[in-house]
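Take a look at the structure set out below.
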Amino acid sequence: MTPVRAIIVAAVLFSAGAQAHTHLESSAPADEAVLASAPTEITLRFSEATRLTSVSIEKDGEGEKEIGALPKTAAPELKVPLAVPLSTGRYVVSWR
């Protein structure tokens, strides 16, 4: 089985002035991680409480797909379940 490659890309757009300085501190899977199997969720850890309005995933330029239900509350650590199955490949996750 070929490993699943998860690439986390910072595509963060914030409209509120207080959130303008919020940044991604870490993620799971980590940026450039090569995984033995597909993850069932993505965890994003920010520098302060954040509310996501959109999260999508794109495989090797195939087009973005919404990936699942977003957390309803603002928090520094947000877990987003993957509602779409992932096949082997390189993925980019984007959020707002």
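Residue-wise test of (1) at pLDDT below 90; (2) open to solvent by less than 60 Å² (accessible area, probe 1.4 Å).
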site: Arg5; (1), (2): yes, no
site: Leu13; (1), (2): yes, no
site: Ala16; (1), (2): yes, yes
site: Ile42; (1), (2): no, yes
site: Thr50; (1), (2): no, yes
site: Ala75; (1), (2): no, yes
site: Ser94; (1), (2): yes, yes
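So is Lys65 closer than 19 Å to Ala30 by Cβ, open to solvent by 60 Å² or more (accessible area, probe 1.4 Å) and in a strand (DSSP E or B) or not?
When the stated conditions are applied, Lys65 does not pass them.
Within the stretch 66-96, count every residue that is in contact (Cβ under 8 Å) with a residue 60 or more places away in the chain, in contact with an Asp or Glu (Cβ under 7 Å, 6 or more places away or on another chain) and hydrophobic (A, V, I, L, M, F, W, C).
1
The values are calculated or read from the model by the stated rules, or taken from the named source; none is laboratory data. Keep in mind that this is a model prediction, so the values were computed, not measured. With ideal geometry, Cβ positions are generated from the backbone for all residues, glycine too; neighbour counts draw on all protein chains shown. The area values use the complete protein model at the heavy-atom level, side chains included, leaving out ligands, DNA and RNA. Shrake-Rupley method; radii C 1.70, N 1.55, O 1.52, S 1.80 Å.
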